[in-house]
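Here is the structure we will look at.
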Amino acid sequence: MGLTGLFLIFFLVVHASINGCIWFNDGGKTFLYYAHFMGTNFLVHIAEFGLFAGLILHIVDGLLLWKQNRDARPVKYSYSVVPEKSKWYSRSMGILGTLILFFLIVHLRNFWGPNRLNQITTGEELNLFDRMQEDFNNLWMVLLYVGGCFSLFWHLLHGFKSAFQSLGLNNVKYNQAIEIAGTAFAIIVPLVFALMPISFYFHLVH
Amino acid sequence: MKFNLKVWRQKNAKAQGKLVDYTIDNINADMSFLEMVDVLNDNLTRKGEDPIAFDHDCREGICGMCSMYISGRAHGPHHAATTCQLYMRSFKDGDTIYVEPFRAGAFPIIKDLVTDRSAFDRIIAKGGFVSVNTGQAQDANNLPVDKADAEKAMDAAACIGCGACVAACPNSAAMLFVSAKISQLALLPQGGPERNNRAINMVNQMDEEGFGNCTNIGACEAECPKEIKLTNIARMNREYLVASLINE
Ligand code: HEM
Ligand code: SF4
Ligand code: FES
């Protein structure tokens, strides 16, 4: 869980950096340059397999975890109070992850799927910048993306710190730093992603 | 004081249990929760009914025997206290109090509020000790221990094996208990030679007993009567990971 989670976190950094290039406001030139590299480079294609494998492992692992943990208490309490120190989002990682998954399916259908299909059938890449401009004119689509990022925020708020605890990479000296870095990461990355469709919707990117 | 109690009654491990309502009056505010149940049982016995089975022993917060999930929390509403250290003054006159056993597949119910927590003993039997004991206690200066490590080991050793961590955890994980037992030895030189096998064997036994997996939620730490810290779990994970990488 921790290893695959950190791997996905690493992917998020790359993904956010490249997509952030839309804000150069050069009609997507810089963005498309990197998108072209990511879409055609052989090594990146191999890494892409790794990414899907990592994502699937993460999901399978998460579902196993969820099932084992549910089965570990066959008879539930009739009445239970949640201690304040235990956070709702820590208890809801499975649900938050599932929300992210639904979002990811729509997201991949929007960009990744059609692009790869086009590459296979015609050998040409799609202009993903144009597609973004089109898709994010639709308010519902923008709201869906913002919702996906919101789920990601909660998922990461627990996940980032949790991964360090799970891997035993936890030390009284560094806990504070991990805490701050985790919270900052959980806020910044989903926020950057959420701002993309919003920027397109309000025509702040061109 | 007067209370309405909803107590879990279950004849034996296989029977279907249910919450049964009792009312009790004339309870002294300074009685412990266990003494209140004693009074209730006395009343039941006089009426010819079956008294409520519950675990207890030292009644001073050191043995870990008393359990009970009271008002939705392991050992009741008091922070860092066992059920024998919970007093009726913590409740309001006329309160309705839920009393259930610690619930986990790995802690099967024997009767009413009594659960079988021998899974913990089987985990300890897999390595929660130092195998050899040679000669007399030697001079303390022969084995220097860093003061900070000694403190951490002592803090971990405060665990009384009560199982509140399992009861409070939404996953019924036993990581806080096992990590305390692994940590108290991992931090001291005496525990060094066997640390790798200890970590692997105890963790494997924990999984075999059917406890859930830790997802770093923190309910255990919040409810532990001895305030065992989550950092012990990180230490156990580290011990286990290192041991799995290098053990032959
Ligand atoms: C496809 C959707 C996803 C699902 C279904 C999912 C599910 C889960 C589940 C069930 C857990 C463990 C729950 C727990 O600790 O209580 C988890 C943990 C975690 N997830 Fe996800 N997740 C998804 C996507 C992601 C993404 C995109 C990232 C990062 C970019 C991520 C990062 C993490 C991290 C770091 C952890 C913590 C690992 C640990 O505690 O050791 N997850 N996820
Ligand atoms: S860690 Fe705390 S709650 Fe768990 S068994 Fe030990 S004393 Fe009880
Ligand atoms: S009876 Fe011993 S700790 Fe409560």
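The values are calculated or read from the model by the stated rules, or taken from the named source; none is laboratory data. Bear in mind the structure is a predicted one, so any value in this text is a computation, not a measurement. So basically every Cβ, Gly included, is an ideal-geometry build from the backbone, and we count neighbours across all protein chains shown. The protein model used for the area step is the full one, side chains on, heavy atoms only, and it has no ligands, DNA or RNA in it. Shrake-Rupley method; radii C 1.70, N 1.55, O 1.52, S 1.80 Å.
Report Rg/Rh for chain A, rounded to two decimals, where Rg is the Cα radius of gyration and Rh the Kirkwood radius.
1.01
What's the lysine pair count for segment B:3-111 at a Cα cut-off below 14 Å, pairs eight or more apart or interchain?
Lysine pairs satisfying the spacing and distance rule in segment B:3-111 number 4.
Rounded to the nearest 10 degrees, what's the angle between the helix B:195-208 long axis and the longest principal axis of chain B, both from Cα atoms, 0 to 90?
30 degrees
Which whole-number percent of Cα pairs in the protein assembly as shown have a distance greater than 37 Å?
The calculated P(r) of the protein assembly as shown puts 42 percent of pairs beyond 37 Å.
What lysines does A:Lys161 reach when the alpha-carbon gap must be under 23 Å and sequence neighbours fewer than 8 apart in one chain are set aside?
Partners within reach: A:Lys67, A:Lys85, A:Lys87, A:Lys173, B:Lys152, B:Lys229.
How big is the accessible area of B:Lys126 in square angstrom, nearest 10, if you roll a 1.4 angstrom probe over the protein chains?
Accessible area of B:Lys126: about 90 Å².
Run the simple label-point estimate for B:Gln138 and B:Asp116 please: 7 Å along Cα→C-beta, distance reported in nm.
That separation, rounded to one decimal, is 4.3 nm.
Just to check, using Stokes-Einstein with a Kirkwood Rh over alpha carbon pairs, what's the diffusion coefficient of segment B:98-248 at 25 °C and 0.890 mPa s in µm²/s?
So the translational diffusion coefficient is about 152 µm²/s.
Once you treat every alpha carbon in segment B:3-111 as an equal point and sum by Debye, what is log10 I(q)/I(0) at q = 0.15 Å⁻¹?
Computed log10 I(q)/I(0) values: -0.62.
Under DSSP H, which helices of chain A have Cα atoms covering 27 Å or more of the helix axis and a Kyte-Doolittle average no less than 0.5?
Taking the DSSP H segments of chain A (at least 27 Å long, mean hydropathy at least 0.5), we get A:42-71, A:139-166, A:172-201.
From the backbone phi of segment B:155-164, what are the Karplus-calculated ³J(HN,Hα) couplings (6.51 cos²θ - 1.76 cosθ + 1.60, θ = phi - 60°) in whole Hz, Gly and Pro given as x?
After applying 6.51 cos²θ - 1.76 cosθ + 1.60, I find 4, 5, 5, 5, 4, 9, x, 7, x, 4 Hz.
Rounded to the nearest 0.05, what FRET efficiency do B:Asp25 and B:Ser90 have when you use their Cβ-Cβ distance and R0 = 22 Å?
The pair B:Asp25/B:Ser90 has a calculated efficiency of 0.75.
Relative to the first principal axis of the alpha-carbon coordinates of chain B, what is the inclination of helix B:175-186, with its axis defined by its Cα atoms, in degrees from 0 to 90 and to the nearest 10?
For helix B:175-186, the angle is close to 40 degrees.
Count the DSSP beta bridges whose two residues both fall in segment B:3-111, then state the antiparallel fraction as a percent rounded to the nearest 5.
75 percent
For segment A:38-80 and segment B:1-74, what is the separation of their Cα centres, given in Å?
Here the two parts' Cα centres lie 43 Å apart.
For B:Val20, which sequence-distant residues (separation of 5 or more, or a different chain) have an amide H within less than 5 Å of its own amide H, given hydrogens modelled in the peptide plane?
Those qualifying (amide H under 5 Å, at least 5 residues apart or on another chain) are B:Val7, B:Trp8, B:Arg9.
Round to the nearest 10 and report in Å² the accessible area of B:Glu194, as given by a 1.4 Å probe over the protein chains' heavy atoms.
Roughly 60 Å² of B:Glu194 is accessible to a 1.4 Å probe.
Can you compute the label reach from A:Trp88? Point 7 Å from Cα along the Cβ direction, backbone N cut-off under 20 Å, restricted to segment A:153-170.
Within reach of a label on A:Trp88: A:153-160.
Given a Förster radius of 30 Å and the C-beta distance between B:Glu227 and A:Val60 as r, what FRET efficiency does 1/(1 + (r/R0)^6) yield to the nearest 0.05?
0.25
Is the shape of segment A:78-150 best called rounded, prolate or oblate, per the rule: a/c under 1.5 gives rounded, else a/b larger than b/c gives prolate, else oblate, with a ≥ b ≥ c the square roots of the Cα gyration tensor eigenvalues?
prolate
Note the angle between two axes, namely the Cα long axis of helix B:33-46 and the longest principal axis of the Cα atoms of chain B, as a number of degrees from 0 to 90, rounded to the nearest 10.
Relative to chain B, helix B:33-46 is tipped by roughly 40 degrees.
In deg cm²/dmol, rounded to 500, what helix-only [θ] at 222 nm does chain B give when every DSSP H run of at least 4 residues adds -39500 (n - 2.57) and the total is split over its residues?
-10500 deg cm²/dmol
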